[in-house]
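The values are calculated or read from the model by the stated rules, or taken from the named source; none is laboratory data. Just so it is clear, the structure is predicted and the values come from calculations on it, not from any experiment. As a convention, Cβ positions derive from the backbone with ideal geometry for all residues, glycine included, and neighbour counts pool all protein chains shown. To get the accessible areas, we keep the full protein, side chains included, count just its heavy atoms, and leave off ligands, DNA and RNA. Shrake-Rupley method; radii C 1.70, N 1.55, O 1.52, S 1.80 Å.
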Amino acid sequence: MAKKENKNMPNDSMEKIVALAKRRGFVFPGSELYGGLASTYDYGPMGVELKNNIKRLWWKYFVQDRDDMTGIDGGILLHPKIWEASGHVKNFKDPLVECKKCHHRFRPDKLKDASKCPDCGGEFTEVKMFSGMFKTNIGAIEKEGIEAYLRPETAQAIFANFKNVLDSTNKKIPFGIGQMGKAFRNEITTGNFIFRTLEFEQMEIEYFIAPDSDWQKAFEAWVEYIYGFADLIGLPRQNFFNHEIPDEERAFYSKRTIDIEYNFPFGQDELWAIAYRTDYDLSAHQAASGKSLEYFDDETKKRFVPHVIEPTFGVDRTVLAILGQAYAEEMMPDGEQRIVLRFHPRVAPYKVAVFPLLKNKPELIAKAREVYQDLKKDFVCVWDERGNIGKRYRSQDEIGTPFCVTVDFDSLEKGDATVRERDSMKQERIKISELKEYLKNKIEK
Ligand SMILES: [Zn+2]
């Protein structure tokens with residue numbers, strides 16, 4: 001299906017975001033030193049902070065804040081039988097064609113014209129099925145070891161540990177298990193920067209319910225709760241679109257699936273998703289393992305295999321959505337242009353930058369250092385004494401630092417400092433003794 005273009009964004013906004021991401025240390029092309037490795041990326045100093053902020057907020061909001069949730073951190077390597085039981089070995093495959101002339105590979109179902117190569121017009125080979133799972137070997141000698149897979153999703157470790165979690169906690173159905181971590185897919189079609197890559201991070205929840213419960217109500221409540229997360233990380237609701245997957249396109253076991261699409265700089269596409277998967281997963285693992293995964297309800301005295309609602313989130317896609325949303329170029333009153341990342345302070349890599357007005361005055365440096373060291377105990381801070389104040393502001397704007405604190409000669413006498421806000425560029429004098437409280441209120445708001 002052709003995706004809609006993002007009409008609110010200039011056509012070159014993706015290139016600008018990719019360029020800024022590299023220049024300011026958010027995302028680097030993977031293995032660039034050796035000429036690059038297609039569809040892989042490395043997160044730089046700013047990127048890792050941004051990504052960790054998203055993950056921390058997700059974990060707190062979805063796992064720690066809810067009494068009906070708990071978490072695990074399963075392995076990337078799982079027993080290969082898990083992937084047989086889940087259906088991945090059999091079904092996690094895409095059709096592939098190769099151009100006989102230029103040898104480029106394509107998914108025929110994603111091509112407008114599947115009869116000739118879009119790159120050179122050449123003829124295609126017959127359609128072959130291609131596994132999306134990366135294979136590896138466990139054991140010192142390749143032939144004697146067992147063949148394993150790098151997980152193509154995080155969810156299966158949750159199902160495989162359902163009984164362990166139940167036995168080791170006091171959770172009662174309905175309850176859910178959250179998990180985040182790396183997953184790997186040998187994609188034929190990659191692209192749009194960090195939108196689709198070979199290695200990526202997921203944040204997933206399996207929410208277990210009784211088979212005779214009102215699943216529609218639970219499903220709707222999760223959709224609403226998911227939008228609360230969008231608010232938390234500063235993604236506006238009007239940029240989202242709930243794409244209901246019609247019956248004929250849904251997995252046979254799913255009774256309802258919504259792709260939660262987002263208006264990315266390159267167009268509208270899937271950001272998150274939620275699916276009601278019935279008891280497909282636990283029943284499959286119960287049958288394959290020969291071990292009961294039933295739940296006994298103390299109150300109703302009923303025994304059943306729980307059904308699940310699965311909200312799932314791409315971390316890297318969320319990073320891209322936030323970068324696209326935050327990026328702005330604007331003309332300033334002095335006629336200069338600035339690039340600014342208008343991150344919500346909650347996700348911004350640095351919350352506060354601290355400057356001495358001048359770098360050659362030891363008394364200013366000493367006072368500014370004191371302020372910096374103290375703020376550092378409560379906020380992720382950065383120190384900058386290069387160039388002039390204007391240049392430092394521009395530099396912090398580009399990485400989305402919401403507040404800059406400047407210590408000047410008045411600070412030494414009056415005990416206050418200038419706080420400059422990123423978006424409005426407004427400046428206020430705040431008592432140094434009240435700085436923490438002031439910043440805390442602004443950041444938490
Ligand atoms: Zn070709």
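Arrange the peptides 157-164, 282-289, 117-124 so that the one whose residues have, on average, the most other Cβ atoms within 10 Å appears first.
157-164, 282-289, 117-124
Please give the Cα centre distance for segment 32-46 versus segment 382-442, rounded to the nearest Å.
That distance is 33 Å.
How tilted is helix 280-289 with respect to the longest principal axis of the chain? Cα atoms for both, answer in degrees (0 to 90, nearest 10).
The answer is roughly 60 degrees.
Given LYS51/LYS377; LYS377/LYS442; LYS359/LYS414; LYS51/LYS431, which pairs have Cα atoms separated by over 23 Å?
The answer is LYS51/LYS431.
With point charges of +1 on the Cβ of Lys and Arg and -1 on the Cβ of Asp and Glu, referenced to the Cα centre of the chain, which listed residue (TYR276, SER31, GLN156) lies farthest in the positive direction of the dipole?
The Cα lying farthest towards the positive end belongs to SER31.
Any idea what the relative contact order of segment 350-444 is, in percent, if you count C-alpha pairs under 8 Å spaced at least 6 apart?
Relative contact order here is 29 percent.
How would you order 14-21, 149-156 from highest to lowest mean count of nearby Cβ atoms within 10 Å?
Ranking the peptides 14-21, 149-156 by packing returns 149-156, 14-21.
From the Cα gyration tensor of segment 213-313, with a ≥ b ≥ c the square roots of its eigenvalues, which class applies: rounded if a/c is under 1.5, or else prolate if a/b is larger than b/c, or else oblate?
Prolate is the answer for segment 213-313, as a/c is 1.5 or above and a/b outweighs b/c.
Can you give me the % of accessible surface on segment 71-164 that is carbon or sulfur? Probe 1.4 Å, all protein chains present, nothing else counted.
Looking at segment 71-164 in its full context, I get 51 percent from C and S.
Any idea how far the Cα center of segment 94-128 sits from the one of segment 210-274, in Å?
Centre-to-centre distance over Cα atoms comes out at 32 Å.
Rounded to the nearest 500, what is the 222 nm mean residue ellipticity of the chain from helices alone, with -39500 (n - 2.57) per DSSP H run of 4+ residues and division by all residues?
-8500 deg cm²/dmol
Give me Rg/Rg_expected for the chain, where Rg uses Cα atoms only and Rg_expected = 2.2 N^0.38 Å with N residues.
The reported ratio for this selection is 1.14.
Contact order normalised by length for the chain, with contacts defined as Cα pairs under 8 Å and 6 or more residues apart; what percent is it?
Result for the chain is 13 percent.
Counting Lys and Arg as +1 and Asp and Glu as -1, each charge on the Cβ, what is the dipole of segment 305-423 about the Cα centre in debye, to the nearest 20?
Dipole about the Cα centre, nearest 20: 260 debye.
What angle do you read, to the nearest 10 degrees and between 0 and 90, between the alpha-carbon axis of helix 215-233 and the longest principal axis of the chain?
30 degrees
Which shape class, rounded, prolate or oblate, goes with segment 42-107 when its Cα gyration tensor gives a ≥ b ≥ c as root eigenvalues, a/c under 1.5 marks rounded, and past that a/b bigger than b/c marks prolate?
Taking the square roots of the gyration eigenvalues as a ≥ b ≥ c, segment 42-107 is oblate.
Just name one of GLN238, ALA183, ALA218: the one whose Cα is farthest towards the positive end of the charge dipole of the chain (beta-carbon charges, Lys/Arg +1, Asp/Glu -1).
Going by the charge dipole, the pick is ALA183.
Would you mind working out the accessible area per residue for segment 350-444, using a 1.4 Å probe, and quoting it in Å²?
For segment 350-444, the per-residue accessible area is 50 Å².
Provide the net charge surrounding PHE403, with neighbours chosen by a C-beta distance below 9 Å and charges set as Lys +1, Arg +1, Asp -1, Glu -1.
Residues close to PHE403 contribute a combined charge of +3.
Sort 382-388, 396-402, 91-97 by the packing proxy (mean of other Cβ within 10 Å over each peptide's residues), most packed first.
Per-residue mean Cβ counts within 10 Å order the peptides as 396-402, 91-97, 382-388.
Give, rounded to the nearest 20 debye, the magnitude of the charge dipole that the chain has about its Cα centre when Lys and Arg contribute +1 at Cβ and Asp and Glu contribute -1 at Cβ.
Once rounded to the nearest 20, the dipole reads 800 debye.
Check the straight Cα-Cα distances from LYS116 and name the lysines below 29 Å, setting aside those fewer than 8 residues away within the same chain.
The reachable lysines, counting only those whose Cα sits under 29 Å from LYS116, are LYS3, LYS4, LYS90, LYS93, LYS100, LYS101, LYS128.
What angle, in degrees between 0 and 90 and rounded to the nearest 10, separates the Cα long axis of helix 362-376 from the longest principal axis of the Cα atoms of the chain?
Once rounded, one gets 30 degrees.
Leaving out ligands, DNA and RNA, what percent of the accessible area of segment 331-445 is carbon and sulfur, probe 1.4 Å?
50 percent
Lys/Arg Cβ at +1, Asp/Glu Cβ at -1, dipole of the chain taken about the Cα centre: which of PHE266, LEU375, PHE62 is farthest positive-ward?
Result: LEU375.
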